[in-house]
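Undergrad: The structure follows.
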Amino acid sequence: MRCFCCDRVLNAESTDNPLVITPVYDGLIFRATGNFGSTVFDPMPIGIEEMLQIVICDECVRQKAERVTRPYNIKREETADSGEFDPDA
C-alpha cells in the first residue's frame, strides 16, 4: 500500500478480500461511501453498495494535523420506537 498524499510505501498486511480492513502499521485507512454533491464519487443506484478507500501515512497526518477534526464521545442509539404512519397528521 502507498500513502494517498506522499506515495510512501506503508507497512501493511494484505488480503484478496477488499471488504476486510487489514492493519496498516504506519498509517490510517479511510473509507467513503460517497457524498451528495460530489462531482467525483456519489454512487446513486440503490442496492449497489460501493465505496472508495485510501490510506494516509502517519507522517502526512502529523504534517496536516491542523486540518483534522476529531469528533469524540459519540452517542449512538441502538433501538427506535415504531408506530403507524398517518399521512394526514
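Undergrad: I'd like the Karplus ³J(HN,Hα) series for the range 26-36: coefficients 6.51, -1.76, 1.60, θ = phi - 60°, whole numbers in Hz, and an x wherever there's a Gly or Pro.
TA: In residue order, the calculated couplings are 9, x, 10, 9, 10, 10, 10, 8, x, 8, 4 Hz.
Undergrad: Right, next: With label points built 7 Å along Cα→Cβ from the Cα atoms of SER38 and ILE74, find their separation and express it in nm.
TA: Between SER38 and ILE74, the simple spin-label model gives 1.6 nm.
Undergrad: Right, another one. Between GLU66 and ALA12, how many nm apart are label points set 7 Å from Cα along the C-beta direction?
TA: Between GLU66 and ALA12, the label points sit 2.9 nm apart.
Undergrad: Is the C-alpha gyration tensor of the range 1-67 telling us rounded, prolate or oblate? Criteria: a/c under 1.5 is rounded; beyond that, a/b larger than b/c is prolate, otherwise oblate.
TA: Note, shape of the range 1-67 comes out oblate.
No value in this document is a laboratory result; all are computed from the given coordinates. Note that the coordinates shown come from a computational prediction; the quantities given were computed from them, not determined experimentally. Heads up, the Cβs are rebuilt from the backbone with ideal geometry, glycines too, and the neighbour counts pull from every protein chain shown.
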